[in-house]
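The values are calculated or read from the model by the stated rules, or taken from the named source; none is laboratory data. Remember, it's a predicted structure, so these values are computed and weren't measured experimentally. FYI the Cβ positions are ideal-geometry reconstructions off the backbone, even for glycines, and counts take in every protein chain you see. Accessible surface areas use protein heavy atoms only, side chains included; no ligands, DNA or RNA. Shrake-Rupley method; radii C 1.70, N 1.55, O 1.52, S 1.80 Å.
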Amino acid sequence: MNPESRLLLFELDPELAGHLQEQFHDDPRVTVLNANALDLPDALLRLGIGGCDYIISGIPFSILKANQKRELLQRVHDALAPADHAAFVIYQVTNELRALGHCDHFPRSESEYCLRNIPPMYVTKFYRTANGSGNGKH
């Protein structure tokens, strides 16, 4: 992260959120939120952030109901900056979001099965725009 970067960490568990707050208390770029990721749009508005370059998630989407998945994925899509590099990056045991069409509103995606990860996981990037030429900062 460069000096102008912002990192928002969403954590539901209050104890873990407290540990994260303690770990990053000296870094003004990091904001720890003991909140649901569904609150992302409100948090961005409150913090004066227009859009995210990247959203990284380890949320276990396989345990969410279809309507919960769609709502969260739409909020994530809408929170991404309108730039070619802006992406939602997930790591999951399955590739169901891509395979079952839950992320059809993302016009472009890339997925890789990473065997070196323990356990092996799919790492998938869903992009905000269809164009891959890159028209913004990375």
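Considered as a group, the residues in the stretch 78-88 that are part of a loop (DSSP other than H, G, I, E, B) and small (G, A, S) include one that is farthest from A37 (Cα to Cα), and that residue is A83. Within the stretch 13-20, the presence of at least one residue that is modelled with pLDDT of 95 or more, more than 13 Å from the chain's Cα centre (by Cα), closer than 20 Å to K69 by Cα and surrounded by fewer than 12 Cβ atoms within 10 Å (Cβ to Cβ) is confirmed. In the stretch 1-30, the residues that are under 20 Å from I55 (Cβ atoms) and among the aliphatic types (A, V, I, L, M) form Cβ pairs under 7 Å with partners that are part of a helix (DSSP H, G or I) and open to solvent by less than 40 Å² (accessible area, probe 1.4 Å), at six or more places apart or across chains, as follows: L8/A43; L9/L20. On the given criteria, is R75 in a helix (DSSP H, G or I) and without any contact (Cβ under 8 Å) to a residue 12 or more places away in the chain? Judged against the criteria, R75 is not a match. Counting only residues that are assigned to a helix (DSSP H, G or I) and among the acidic types (D, E), the stretch 13-45 holds 4 of them. Would you pick out the residues in the stretch 89-106 that are open to solvent by less than 70 Å² (accessible area, probe 1.4 Å) and either in contact (Cβ under 8 Å) with a residue 40 or more places away in the chain or not in a strand (DSSP E or B) (or both)? T94, N95, E96, L97, G101, H102, C103, H105, F106 - these are the residues of the stretch 89-106 that are open to solvent by less than 70 Å² (accessible area, probe 1.4 Å) and either in contact (Cβ under 8 Å) with a residue 40 or more places away in the chain or not in a strand (DSSP E or B) (or both). When the test is whether a residue is out of contact with any strand residue (DSSP E or B) (no Cβ under 8 Å at 6 or more places or on another chain), open to solvent by 50 Å² or more (accessible area, probe 1.4 Å) and either of a type in the set (A, V, I, L, M, F, W, C) or closer than 23 Å to E11 by Cβ (or both), D39 does not pass it.
For the stretch 107-130, a residue qualifies if it is in contact with a strand residue (DSSP E or B) (Cβ under 6 Å, 6 or more places away or on another chain), open to solvent by 60 Å² or more (accessible area, probe 1.4 Å) and within 16 Å of L73 (Cβ to Cβ), and the qualifying residues are Y122, K125, R128.
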